[in-house]
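Quick notes on the structure that follows.
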Amino acid sequence: YSWLVASAPSAGAFFERLAAYENTPPLFYALLAPLPDGDEAWLRLPALLPALACVPATYCLARPLLGTRVALLGALAVAVAPFHVSYSNYSRGFMLAALGILLAAWAVARLAEGRRRRWWWLYLGGATLAVQAEYDALLFLAPLLALPALVRREGWARVALLGALPLATLLPLVGEMLRGLDQLDVTKLTPPSPPLSFGSLRDSLVSLFTGTHGLASSGALRGLQLALLLGALALAATWLWRRHGTLSRLDDERRAIAVWLLAVFPAAAVVLHAVVSVPGPEIFDSRYLVPLIPFACLLLAAAVDSLAWRWATPAAAAVLLALGVAVFAQRHDRELHPDVLPAGEVARAAGAGTVLTNSPVVAFYLRDLDPRLDRPFGLGNDEPACAGCPRPLAIVEDARLPGGVRSGPGPPTALGPIVVRIAP
């Protein structure tokens, strides 16, 4: 769907497709639009580059507060975090939002230390990037902004005024938001997130740290994973607050800033996502919490560095490097989608000049056959919405999508979950 929006032939078609298929701001698709659309690698580039930039941004945020060792260890943890790696490869705006939140946090930390007010420019840039990538970035910025005011470096009025400026960039999009809401269950589905429950909370938080395939098979084991994760984070936050071990070098101001950024702010963001998910939209999901990964990595890195054992930090770095190798091995040469090209061969052999489909994946791989996404998300009826198209038509659909495969004349050919039917 990112490709479908970004490949629109005009600005009008771009916003029409954005309203029809997406529930996010236009920035990611605008960055994708000028890139070549003939190769998957280009489609992933606007997610990969900000994901890479999160690594040095994590270091820059942490080094003045917690020192070089913690900053390096935290940045390494971000670089190999399974979920961060997974979403670096995912052509959506989540990594743009994560980078924006990190830049805003870097600026807020410096402002809380009493640095020059020019740091507000970095905040404004990062916050604008975040809200233009994902609407839920507002739920991160709200608790983040409390920091410079709470430490009395900035007045509440200034914080409220400058903090709200990035929101003004969303005003021109209000009409687009309303138009997009009108398309729910017409051309797109309500965002697919499970209703808020202990199970969804557990699974979202655990997968955020273990990766999309790191969840245990049973609910009991997932509960144990959650308990271990929350226990480690709570212990790390306690050690940071009490300046355990080598953290005793922190003065009161840096400790207060670090505790807010690495413990209070992430917890508040999780609570806000949960609260908003109760009435809807259902956004308590791992992908919406991606910006929290660097902060959790830094909190755990600070706890490791506080240990009296001199080899604690090098040992943790070695474990992270081994994790990086494991993540690479697990992801190398993986196919996430079924092979659509054989369906194209069937369509060409039948002389079809147009492909109708329910899947943008099919439309991307068969884009030389004039594809029409006439049943997005499986919505709509079985009748081909292609008046005047040359016959025969090739109907190529993914049977796994809601609505399944449409019925009609012509024998179906199943190629795994991809079903081809030639309509005379």
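The values are calculated or read from the model by the stated rules, or taken from the named source; none is laboratory data. What you see is a predicted model; the values in this text were computed from it and never measured. Backbone-built Cβ (ideal geometry, glycine too); neighbour counts: all protein chains shown. Side chains included, ligands, DNA and RNA excluded: accessible areas come from the protein's heavy atoms. Shrake-Rupley method; radii C 1.70, N 1.55, O 1.52, S 1.80 Å.
List of remarks:
- In the context of the full set of protein chains, the chain has a per residue accessible area of 45 Å² (1.4 Å probe).
- HN-Hα J in Hz across the range 33-39 - Karplus 6.51, -1.76, 1.60, θ = phi - 60°, x for Gly and Pro: 4, x, 7, x, 10, x, 9
- The loop-placed chymotrypsin sites (Phe, Trp or Tyr not before Pro) in the range 309-385, going by DSSP, that have at most 10 neighbouring Cβ atoms within 10 Å of their Cβ come out as Trp309, Trp311.
- Fully extended contour minus Cα-Cα distance, from Asp333 to Leu161, at 0.36 nm per residue: 57.0 nm
- A cut-off under 14 angstrom between Cβ atoms defines the neighbours of Gly74, and their net charge, with Lys, Arg +1 and Asp, Glu -1, is +1.
- Loop-resident sites, the range 356-424, for trypsin sites (Lys or Arg not before Pro), counting at most 14 other Cβ within 10 Å (DSSP): Arg400
- For Phe14, the solvent-accessible surface with a 1.4 Å probe is about 20 Å², rounded to the nearest 10.
- Long-range amide H partners of Thr413 with built H, under 5 Å: Val420, Arg421
- Antiparallel %, DSSP beta bridges [both residues in the chain], to 5: 60
- Of Ala98, Phe364, Val396, farthest towards positive along the dipole that unit charges on Lys, Arg, Asp, Glu beta carbons give the chain: Ala98
- Neighbour cut-off at most 16 other Cβ (10 Å), DSSP loop, trypsin sites (Lys or Arg not before Pro), the range 89-163: Arg115, Arg116, Arg117, Arg118, Arg152
- Solvent-accessible area, 1.4 Å probe, carbon plus sulfur percent, for the range 91-142: 61
- Electrostatic dipole magnitude of the chain [Cβ: Lys, Arg +1; Asp, Glu -1; Cα centre; debye, to 20]: 1680
- Protection proxy ranking for 413-420, 301-308, using the average of other Cβ atoms within 10 Å per residue and placing the highest first: 301-308, 413-420.
- For Arg372, nonlocal amide neighbours, meaning residues 5 or more places apart or on other chains whose placed amide H falls under 5 Å from its own, are Val355, Leu356, Thr357.
- Label of the coordinate-derived value, Rg/Rh (Cα atoms, Kirkwood Rh), listed as (1) 0.96; (2) 1.02; (3) 1.13: (2)
- Here the sum of -39500 (n - 2.57) over DSSP H runs of 4 or more residues, divided by the residues of the chain, equals -18000 deg cm²/dmol at 222 nm, to the nearest 500.
- For the range 317-364 versus the range 46-68, the inter-centroid distance based on Cα atoms is 30 Å.
- Accessible area per residue was computed with a 1.4 Å probe on protein heavy atoms; Glu345 scores about 120 Å².
- Of the DSSP H helices in the chain, those with a Cα length along their own long axis of 30 Å or more and a mean Kyte-Doolittle hydropathy reaching 0.0 comprise 40-66, 219-242.
- Accessible area in the full protein assembly, largest first, 1.4 Å probe, for Asp333, Asp203: Asp333, Asp203
- Among 334-341, 96-103, sorting by the average number of other beta carbon atoms lying within 10 angstrom of each residue, highest first, gives 96-103, 334-341.
- Efficiency of FRET from Cβ geometry, Val174 and Ala322, R₀ 45 Å, rounded to 0.05: 0.40
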